[in-house]
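Working notes, beginning with the structure itself.
The values are calculated or read from the model by the stated rules, or taken from the named source; none is laboratory data. Note that the structure is a prediction, hence the values are computed from the model and not measured. Because the Cβ atoms are built from the backbone with ideal geometry, glycine has one as well, and the counts that use them run over all protein chains shown. Keep in mind that these areas ignore ligands, DNA and RNA; they rest on the heavy atoms of the full protein, side chains included. Shrake-Rupley method; radii C 1.70, N 1.55, O 1.52, S 1.80 Å.
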Amino acid sequence: MHRLLFIEDDDQIRLAYAPASVLTDASYNLLHSTLQSEAYLRFATGTPSQGLLELVRPELASELRTALLTATKEGKSVEA
C-alpha cells in the first residue's frame, strides 16, 4: 500500500514538472500528448483532427515542421 502511494506521488510530480511533449505516428498523427502540450495545440469544434501540424498553433507550425523533418531524417527525438 505504501509503495502504491509513492508511485502515485511520483506520477503527480512528473506531471507537474514534465515538459510539453507529444507522440506521433509516421504521418504525424497525434497518438499521445502531455497535459502541458495543450498550451501549444488548438482543438477546434466539429470533426476532430489528429494531424499534429493541423493542431499546433499557427505561429509554431514552421518550427515544428522543421523539427519533425529533422526527427524523421535522423531517426531520433528532437526538441524545438
>> Looking only at the stretch 16-34, how many residues end up being open to solvent by 60 Å² or more (accessible area, probe 1.4 Å) and of a type in the set (Val, Ile, Thr)?
In response: 1
> Are any residues in the stretch 31-43 part of a strand (DSSP E or B) and modelled with pLDDT of 90 or more, and if so, which ones?
Replying inline: Leu31, Leu41
> If you go through the stretch 54-70 one residue at a time, do you hit one that is more than 11 Å from the chain's Cα centre (by Cα) and in contact (Cβ under 8 Å) with a residue 40 or more places away in the chain?
Replying inline: yes
> Under the condition of being acidic (Asp, Glu) and part of a helix (DSSP H, G or I), which residue from the stretch 48-80 is farthest from Ser27 (Cα to Cα)?
Replying inline: Glu59
> From Ser37, Ser49, which residue is surrounded by 10 or more Cβ atoms within 10 Å (Cβ to Cβ), closer than 24 Å to Ile13 by Cα and of a type in the set (Ser, Thr, Tyr)?
Replying inline: Ser37
> What number of residues in the stretch 50-80 are in contact with a helix residue (DSSP H, G or I) (Cβ under 6 Å, 6 or more places away or on another chain) and modelled with pLDDT under 90?
Replying inline: 2
